[in-house]
1. Can you tell me how many residues in the range 287-330 are aliphatic (A, V, I, L, M) and outside any loop (DSSP other than H, G, I, E, B)?
2. Out of A184, A148, A166, I need the residue that is part of a loop (DSSP other than H, G, I, E, B), among the aliphatic types (A, V, I, L, M) and either touching a Pro at 6+ places or on another chain (Cβ under 7 Å) or closer than 23 Å to C16 by Cα (or both). Which one?
3. If a residue has to be touching an Asp or Glu at 6+ places or on another chain (Cβ under 7 Å), among the hydrophobic types (A, V, I, L, M, F, W, C) and in a strand (DSSP E or B) to count, how many in the range 55-114 make the cut?
4. Please count how many residues of the range 72-99 are surrounded by 11 or more Cβ atoms within 10 Å (Cβ to Cβ), under 14 Å from C16 (Cβ atoms) and without any contact (Cβ under 8 Å) to a residue 12 or more places away in the chain.
5. Taking the range 211-241 as the region of interest, how many residues are in a helix (DSSP H, G or I) and either in contact with a Leu (Cβ under 8 Å, 6 or more places away or on another chain) or over 22 Å from G153 (Cβ atoms) (or both)?
6. Just give me the residues in the range 212-223 being within 19 Å of S140 (Cβ to Cβ) and buried (at least 20 other Cβ atoms within 10 Å of the Cβ), in sequence order.
7. Out of all the residues in the range 250-292, which are open to solvent by 60 Å² or more (accessible area, probe 1.4 Å) and either hydrophobic (A, V, I, L, M, F, W, C) or modelled with pLDDT under 95 (or both)?
8. Find all pairs meeting these conditions: Cβ atoms under 6 angstrom apart; at least six residues apart or on different chains; first residue within the range 147-160 and within 15 Å of I211 (Cα to Cα) and in contact (Cβ under 8 Å) with a residue 12 or more places away in the chain; second residue among the hydroxyl-bearing types (S, T, Y) and assigned to a helix (DSSP H, G or I).
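The values are calculated or read from the model by the stated rules, or taken from the named source; none is laboratory data. Everything numeric here is computed off the predicted structure, so don't read it as measured data. Don't worry about glycine lacking a Cβ; one is built from the backbone with ideal geometry, like all the others, and counts go over all protein chains shown. All accessible areas refer to the heavy atoms of the entire protein, side chains included, with ligands and DNA or RNA removed. Shrake-Rupley method; radii C 1.70, N 1.55, O 1.52, S 1.80 Å.
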Amino acid sequence: MEAAQGGAWCNIVKTCQLSKGTGRGSSDHMEKEIAFTGIMSSSRAVNPDFYNWNRVKIRYCDGGSFAGDAYNKEAGIYFRGQRIWNAVIKHLLSIGMASADQVLLTGCSSGGLAVILHCDQLRAFFPPAAGGQTTVKCLSDGGLYLDAVDISGGRSLRSYFGDIVALQGIPQSLPGACTARLDATSCFFPQNIINDMKTPMFILNAAYDVIQISLSLSPDRADPSGSWRACKSNRSACDTSQMNFLQGFRDQMVSSVQGFSQSRSNGLFISSCFAHCQSEQLGTWNNVPGRSPTIQNKGIAKSVGDWYYNRAEVKAIDCRYPCDKTCHHIM
């Protein structure tokens, strides 16, 4: 199992320069050890379907979901996300992954987006001519970033993603099936990619994704009066119109996966929680009754396991907030 680490993006030279001095921009500053929890856990009780797998965390230091390939001469910044991705996968293949029976690529947040961008690329490293017996599947957690209208009527996340794509030379790494019909920025949004994917994919996402509420729907620049400041930090502070806006976002997310869900090989778990990144959290990835958010009495870990091992088809979409009492809300 490989997990692509998350950690946001850098969209302008200044923020990319600042990240060079952190663990999100250079291996010189990364923690020497990090805990493997949730789907990465070695505990059979916590992670019964994957506890005894070989597990690899792909450290995130490029600020572009492992998709950039450019050099900014003025700033002296190399964007090498795609090359890092290729090098890591080739290394893992060389030390044993090439003979694996089963592979699962997972990641959350910007790592969840990286999973969607690279899933078919990973599958291509296991050509049928080489044996063809390796099962390759992917799990994107908290990576379903939508091209949504913000509270001011603009598209804050589209602007942000557009800067990332242009600065980091990402267009060449994007799926050709998408760039043949849409602009590069549109093809950085999962909703425009997932219907054409060939590799089985499971999308795990909170319908009220707290990062998207803050980054995409109500960033400070779209809210100069600060009318959303309380709401985006505490759901109980949202008034009726604000909650209606968030319900519209939830409906857009559900609509974005309708085509994707038609494939029997794909899986879904769209909860009605105010949350983000649920696969590596002990509180949300487990089979203990009353712990994990559930849809139709099935939790996240069981849902992903059932999908991966073909024990059951999983297309779980929750009812609208506040109907689900099993959520672990973080705002």
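1. 6
2. None of the others qualify; the one that does is A184.
3. 5
4. Residues flagged as surrounded by 11 or more Cβ atoms within 10 Å (Cβ to Cβ), under 14 Å from C16 (Cβ atoms) and without any contact (Cβ under 8 Å) to a residue 12 or more places away in the chain within the range 72-99 amount to 1.
5. 8
6. Of everything in the range 212-223, those that are within 19 Å of S140 (Cβ to Cβ) and buried (at least 20 other Cβ atoms within 10 Å of the Cβ) turn out to be Q212, I213, S216.
7. The answer is Q281, L282, N287, V288, P289, G290, R291.
8. Partner pairs satisfying both residue conditions: A148/S216; D150/S156; S156/S216; L157/S216.
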